[in-house]
1. List the residue pairs whose Cβ atoms are under 6 Å apart, where the first residue sits in segment 67-78 and is among the basic types (Lys, Arg), the second is crowded, with 22+ Cβ neighbours inside 10 Å, and the two are 6 or more positions apart or on different chains.
2. Being without any contact (Cβ under 8 Å) to a residue 40 or more places away in the chain and more than 16 Å from Ala147 (Cβ to Cβ) narrows it down to one residue among His29, His63; which is it?
3. Kindly list the number of the only condition in (1) modelled with pLDDT under 95; (2) surrounded by 12 or more Cβ atoms within 10 Å (Cβ to Cβ); (3) of a type in the set (A, V, I, L, M) that fails for Ala41.
4. Which of the residues spanning segment 149-164 are modelled with pLDDT of 95 or more and out of contact with any Gly (no Cβ under 8 Å at 6 or more places or on another chain)?
5. Suppose the filter is among the basic types (Lys, Arg) and within 23 Å of Ala37 (Cα to Cα); does Arg86 pass it?
6. Residues that are under 19 Å from Arg58 (Cα atoms): list the helices (runs of 4 or more DSSP H) wholly contained in segment 99-173 that include at least 2 such residues.
7. Quick check on segment 114-132: of everything there that is surrounded by fewer than 16 Cβ atoms within 10 Å (Cβ to Cβ) and at pLDDT 95 or above, which residue is nearest to Cys77 (Cα to Cα)?
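The values are calculated or read from the model by the stated rules, or taken from the named source; none is laboratory data. As the structure is a prediction and not an experimental result, all values here were calculated from the model. Glycine also receives a Cβ, built like all others from the backbone with ideal geometry; neighbour counts cover every protein chain displayed.
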Amino acid sequence: MWDFFTTVRHRHSIRKYQPDMPVETAKLHAILEMACAAPSAGDLQSYRIIVVRDPAERQALVHAAHQQIFIAEAPVCLVFCAEPIRSETAFGERGARLYALQDATIAAAYAQLATVAAGMGCTWVGYFEEDQVHQALKLDPGLVPVALLSLGYPAELPESTPRRRLDDVVTWR
């Protein structure tokens, strides 16, 4: 088991997956549990996670995501949706507009790191057409797709990409 810092340093966007290695149910369950352990505004967990294993549905997500074919090649795609109405009941318009979005993205980030800690790889996809994702998965009205997370066992490990220097990102006061 890696520590947190090692897990973060080993996270890469994986776009090639081993075709004959399905994601074990126990590992997928553990990843989903970690996503649900993420902090959320008022502990409301104003999000829904759709687990897409069906090849035809993953292919439909490829089309919704501007032909990013690795989504269909990965054995699993997690679709993180904000649930604004849930947050709005406690926090009003700001909850609906912002907190539900934050809740969904924090859960997705936890799932992303849990995937790496479980010995797999994933890619966060934000470039997609919301209405097409909605239609492809027949999502409940009111859900807002925020992020897709394709995951599986990597067939390649890409090189690390350069990161901005702390001085370019951090302001100390």
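1. The qualifying pairs do not exist here.
2. On the way: His63 fails: without any contact (Cβ under 8 Å) to a residue 40 or more places away in the chain.
When all the criteria are applied, what remains is His29.
3. For Ala41, the exception is condition (1).
4. Listed by number, the residues that qualify are Leu149, Ser150.
5. Working: among the basic types (Lys, Arg): yes; within 23 Å of Ala37 (Cα to Cα): yes.
Criteria met by Arg86.
6. Details: elements: 100-117, 130-137, 166-169.
Here the list reads 100-117, 130-137.
7. Step one: list which residues in segment 114-132 are surrounded by fewer than 16 Cβ atoms within 10 Å (Cβ to Cβ), which gives 119, 126-127, 129-131.
Cutting the leftovers down to at pLDDT 95 or above gives us 126-127, 129-131.
Details: Gly126: 13, Tyr127: 14, Glu129: 16, Glu130: 15, Asp131: 17 Å.
Among those that are surrounded by fewer than 16 Cβ atoms within 10 Å (Cβ to Cβ) and at pLDDT 95 or above, it is Gly126.
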